[in-house]
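The values are calculated or read from the model by the stated rules, or taken from the named source; none is laboratory data. As the structure is a computational prediction, the values presented were derived from the model and not from experiment. Here Cβ is always computed from backbone atoms with ideal geometry, including for glycine, and neighbour counts include all displayed protein chains. The area values use the complete protein model at the heavy-atom level, side chains included, leaving out ligands, DNA and RNA. Shrake-Rupley method; radii C 1.70, N 1.55, O 1.52, S 1.80 Å.
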Amino acid sequence: MAPYKKINKVTIQTKKSEPPKKIIIGAEPNAAFNWFPGHMMKAMRDIKAKVQMVDLVIEVRDARVPIVSGNAALIETIEGKARLILLNKANLADPEIMSKWDAWFKEQGVPYLFVNCLDKNALKQVLTVGRNVIEERRRASNPEGLPPKQKYRFMVIGLPNTGKSTFINSFSKRNATKVADKPGQTRVQIWVDVDEELQLLDTPGVMPPMVRIEEHRFWLSLINAIPDEIIGEEDPACYLVKWMLKNKSEDFKGRYKLENFDMDLEEALVKIATVRGCIRQKGVPDLERVFKLILNDFRAGELGKVCFGTPPKEK
């Protein structure tokens, strides 16, 4: 990972007899971000090798970052196979912004659904739409008719921690794959029999080979597609605090008992540390605990419904 140059400073007043302490926070990247370990390259090769065995590719994204949680390199790998985009965790996304994304996706010509993969009704909708996409393709390729009771095969792809394994486990009504709030749990392809008519092929999460925009790196870290041990907790947490203040999130303000949004990053971090008891000896805020707390609260949906970015036509 590229070296980082620290920037912002927080001034912490301790005792009157002691000089204020400076705590350095925030970071400035010197280069584009890359996290593409060897197992992801292998996963790309395996996906390409097996994609012709399936009828439909289900691409799972995060509804809070509809485009950035996609992977153009992964889409190229499936070579034009029928695709259904699932924008998962829609229950955590801002409804107003999500409606704009809904309108944008309608214009793109690829079937899609905003879903919560833990919602049984949403999963029924996925099955219905998926079967319709497949049958339409089958009719187009063989207008004279097809043998009855032909099995459906779905391949599930996406970035780490977008909810692929949760989708498969909910869909198959059993713990067919390993699920954890940590990216990279699926390392091999796994076939899952849902019923006599349907099989799912789970695949490892695959990141884009390069994330060139700094803000996108933060977004992917916040949704935990990039592990905290790779990028750290400080920079994404600082970005999120600034984003929440700028966008005047009432849920954020209420969660940490902020008086208003007219404060800078440093003031907000000190306030959060005080409210949540993240204080070390001599009254110094424990910023490491604050960063972890903010990220955990966001990922648990405690900071309100959020969407990062707007559709391209909105820019």
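What's the carbon and sulfur percent of region 92-140's accessible surface, probe 1.4 angstrom, rounded to a whole number?
Values: 1450 of 2900 Å².
Whole-percent figure for carbon plus sulfur exposure: 50.
What shape does region 57-176 have by the C-alpha gyration tensor, where a ≥ b ≥ c are the square roots of the eigenvalues, rounded means a/c under 1.5, and otherwise prolate means a/b greater than b/c and oblate the rest? Walk me through the numbers before you get to the answer.
Working: a/c = 1.72, a/b = 1.40, b/c = 1.23.
Taking the square roots of the gyration eigenvalues as a ≥ b ≥ c, region 57-176 is prolate.
Check each of the GluC sites (Glu not before Pro) in region 63-114 and keep only those in coil by DSSP with at most 14 other C-beta atoms within 10 angstrom; list them in order.
Values: sites: 76, 79, 96, 107; in loops: 79, 107.
Those that pass, being in a loop and sparsely packed, are 79, 107.
Let me know the shape class of region 237-309, please: from the alpha-carbon gyration tensor, a ≥ b ≥ c as square roots of the eigenvalues, rounded when a/c is under 1.5, otherwise prolate if a/b is greater than b/c, or oblate.
Working: a/c = 1.94, a/b = 1.52, b/c = 1.28.
Taking the square roots of the gyration eigenvalues as a ≥ b ≥ c, region 237-309 is prolate.
Relative contact order for region 192-267: what is it in percent, counting Cα pairs under 8 Å that are at least 6 residues apart?
With pairs under 8 Å counted, the relative contact order is 17 percent.
State the extension gain, in nm to one decimal, for the chain segment bounded by residue 247 and residue 142, taking 0.36 nm per residue of separation less the distance between their alpha-carbons.
Working: separation 105, 0.36 × 105 = 37.80 nm, distance 5.22 nm.
Working it through step by step, the gained length comes to 32.6 nm.
Is region 86-140 best put as rounded, prolate or oblate by its Cα gyration tensor, with a ≥ b ≥ c the root eigenvalues, rounded for a/c under 1.5, and otherwise prolate when a/b is larger than b/c, oblate when not?
Working: a/c = 4.07, a/b = 1.42, b/c = 2.88.
Oblate shape, in that a/c is at least 1.5 and b/c is the bigger or equal ratio.
Past the 28 Å Cα-Cα mark, which pairs from 89/248; 257/282; 164/253; 100/257; 124/305; 282/305? Provide the component values of the computation, followed by the final result.
Numbers: 89/248 22 Å; 257/282 23 Å; 164/253 32 Å; 100/257 31 Å; 124/305 24 Å; 282/305 36 Å.
The pairs that break the limit, which is 28 Å between Cα atoms, are 164/253; 100/257; 282/305.
Roughly speaking, what is the stretch gain from residue 99 to residue 279, that is 0.36 nm per residue apart minus the C-alpha to C-alpha distance, in nm to one decimal?
Working it through step by step, the gained length comes to 60.7 nm.
How large, in percent, is the carbon and sulfur part of the accessible surface of region 257-298 at a probe radius of 1.4 Å? Intermediate results must be reported in sequence, preceding the final value.
Numbers: 980 of 2190 Å².
Looking at region 257-298 in its full context, I get 45 percent from C and S.
Sticking with the crude label model, points 7 Å out along Cα→Cβ, report the distance from residue 119 to residue 76 in nm, one decimal please.
3.5
On the full set of protein chains, 1.4 Å probe, figure out the accessible area of residue 278 and give it in Å² to the nearest 10.
Number for this one is 10 Å².
Mind checking the per residue accessible area of region 101-145 for me, 1.4 Å probe, whole number of Å²? The partial results should precede the final answer.
Numbers: 2890 Å² over 45 residues.
Solvent-accessible surface per residue comes out at 64 Å².
How big is the charge dipole of region 97-140 about its Cα centre, in debye rounded to the nearest 20, if each Lys and Arg gets +1 on its Cβ and each Asp and Glu gets -1 on its Cβ?
On the way: 8 positive and 5 negative charges, 37 e Å.
So the magnitude is around 180 debye.
Which value, in debye to the nearest 20, describes the size of the charge dipole of region 191-315 about its Cα centre when Lys and Arg Cβ atoms bear +1, Asp and Glu Cβ atoms bear -1, and nothing else is charged? Let's see the in-between values first.
Working: 18 positive and 24 negative charges, 161 e Å.
The dipole magnitude comes to about 780 debye.
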